[in-house]
Amino acid sequence: MKNKEKQNLSTYQSQIHRMGRLSSILVVIALILVPVALTLTSGVEIDISTTLRALVGLLSLIVVISIVEFISYAPVLGAGATYLGFITGNIMNLKLPAAINAIKVAEVNPTSNEAEAVSTIAVAVSSIVTVAILLVGMIGISFILPVLQSPILKPAFNNLMPALMGALATPLFLKNLKTVSLPAVLVAILVFVMGFTAFSRVQSLLIPFFLAITIGWRYFLYRGEQKKIANN
Amino acid sequence: MNSETLTVSNSNLMLLVCAIPIILVTVQAFLFLSKALKRADELGISKETRKKVIETSAVFSIVPSLPIIIVLAVLMPTLGKFLPWLRLSVIGSAMYENMAADLTVKGFGLSGIADSGMTPSIFVSVAWVMTLGAVSWPLINILFLKGYDKGLKKMEKKGGFMVVAVGSLFVGMMAVLGIPHLVNFQNMVGITSVIIAGIFVLLLDKISGKSGIAWLKDFSFPLSMVIGMVSAIPLSLLFA
């Protein structure tokens, strides 16, 4: 039975990677076809040097952000959800919360195989919903926009991320009060020193730094717990 | 935007080439969904739980998707209908796409994304820059995710602290993403939204546990988020 489970696991994992890589390659090709088709059919001349300059400027930022996001999000989301999430985007405001919520609702251990399956389901469903809403949004934008931007609803949408984070993080923090204590205090101090806006701008880049602190702090707590167990 | 650019950016060809990646991504999402559902079944996760996960993920995803339509509206007058639709549906994060478009048009001497001097040539350049910038994410996955995942799995197999370490990543990440909103005294309404949403999620979970109304717990996260958001409407008047 154990052997079978092991085999299952490796088969599933390699299937996910094969599927993830193949579909990612296809999407990348399809995406690049967009400017290629535009260039070939529009007949306009492109200012190549200015375009390249803009591209290099953007890439210098994007490459760093995407590598940092890759390192930090992949262990939390698992492979399947990472392939999907990085293709559909909106990780911080949609995919990550959907995954964490799904793990809570399914009542599975966050680092288990079960969690990986569940977060892949959540990220897939979330991707489909966003694609559908954007399709409706593109077609019906003249009807939808006035509602979304109405002065009454504006404060609600302006505070979407605070409300999302409050609802998502509170149960997680209460369950892991000791672990979160040090990183939370350090983040709070940094926000005070830098200001919220400046902190938000470099937030993605700060994640790995704080993940390292959290792991270090957790190790310190873990050793204490182990000693306690040994003493008992 | 001049009419010539509009002809290019809103052409049928543009609709077609933008629809292809979006369709591909949708198919990909359904494939992963069916694969993961099967896997969950193999691992002994009940049909009921699988259904719960699908429902709560779908319901939650509606509200945070709506502000993306606003970004769509910001980009549309300059970039036409279809390019922003594609860029926000595939890989695009609302924040990043706005920045990418803005950075590019500024490189061409325009004042920003709302500048009316957008020509067909600049439009095509913007399409190139936004696309090549965005493919960084899947490219990194194609190149490195398998190796990285193997490494992580190996670490977890060692057991002991390694399992604890990976588990604590969730907590550390939520600290970086969540705590700033709680201590952002520039936006007092934001702080109350964090607190109210936090209180409600605990309350709903508790009520669900006591009363046995299971769906309350399954939807406590999206419900509390919306309550936190709605609370900002009266409170913004108070703090104004």
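The values are calculated or read from the model by the stated rules, or taken from the named source; none is laboratory data. Treat the numbers as computed from the prediction; the structure is a model and nothing was measured. Here the Cβ is made from the backbone with ideal geometry for all residues, glycine too, and neighbour counts use every protein chain on show. Accessible surface is based on the protein model in full, side chains and every heavy atom, while ligands, DNA and RNA are left aside. Shrake-Rupley method; radii C 1.70, N 1.55, O 1.52, S 1.80 Å.
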The answer for chymotrypsin sites (Phe, Trp or Tyr not before Pro) in segment A:1-99 that fall in a DSSP coil and have at most 12 neighbouring Cβ atoms within 10 Å is none
Starting from one equal scatterer on each C-alpha and no solvent at all, send me the Debye-based log10 I(q)/I(0) for chain B at q = 0.14, 0.16, 0.18 Å⁻¹, two decimals. -1.25, -1.33, -1.36
Mind ordering B:68-80, A:186-198 by average Cβ neighbours within 10 Å, highest first? B:68-80, A:186-198
Compactness of segment B:109-206, expressed as Rg and Dmax over alpha-carbon positions, Å: 22.3, 61
A plus B alone minus the pair: what accessible area, both sides summed, probe 1.4 Å, in Å² to 100? 13000
Leaving out ligands and nucleic acids, note down the accessible area per residue over the protein assembly as shown with a 1.4 angstrom probe, in whole Å². 43
Trypsin sites (Lys or Arg not before Pro), restricted to segment B:124-227: which are DSSP loop and have at most 16 other Cβ atoms within 10 Å? B:K158
With just the Cα atoms defining each centre, how far is segment B:1-35 from segment B:194-221? Give it in Å. 39
Delta accessible area of at least 10 Å² on complex formation, residues of segment A:128-144, 1.4 Å probe, chain isolated as reference: A:I128, A:V129, A:T130, A:V131, A:I133, A:L134, A:L135, A:G137, A:M138, A:I141, A:I144
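Please give the average number of partner chain Cβ atoms lying within 10 Å of the Cβ of each residue in B:100-107, rounded to a whole number.
Averaged over the peptide's residues, the number is 4.
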Over all Cα pairs of segment B:18-148, how is the pair count split among 10 Å bins, expressed in % and running from 0 up to the last occupied bin? 11, 32, 29, 18, 7, 2
Options B:S168, B:V126, B:I91, ranked by Cα towards positive dipole end of segment B:83-181, top entry (Cβ charges): B:S168
State the answer as a single residue: which of A:T82, A:A115, A:Y222 lies farthest towards the positive end of the charge dipole of chain A, with beta carbon charges of +1 for Lys and Arg and -1 for Asp and Glu, about the Cα centre. A:Y222
In segment A:1-98, the GluC sites (Glu not before Pro) that fall in loop regions by DSSP, at most 14 other Cβ within 10 Å: A:E45
Can you tell which of B:L204, B:P180, B:G159 lies farthest toward the positive end of the dipole of segment B:93-209, using +1 and -1 charges on the Cβ of basic and acidic side chains (Lys, Arg; Asp, Glu)? B:G159
Contact-by-burial set, segment B:203-239, min loss 10 Å², accessible area of protein heavy atoms with 1.4 Å probe, reference chain alone, gives B:D205, B:K217, B:D218, B:F221, B:M225, B:M229, B:A232, B:I233, B:S236
Magnitude of the Cβ-charge dipole of segment B:1-109, K/R +1 and D/E -1, about the Cα centre, nearest 20 debye? 360
Tell me the Rg and the Dmax, in Å, that the Cα atoms of segment A:17-140 produce. 17.7, 57
Whole-percent carbon and sulfur contribution to the accessible surface of segment A:40-126 (1.4 Å, no ligands, DNA or RNA) stands at 64
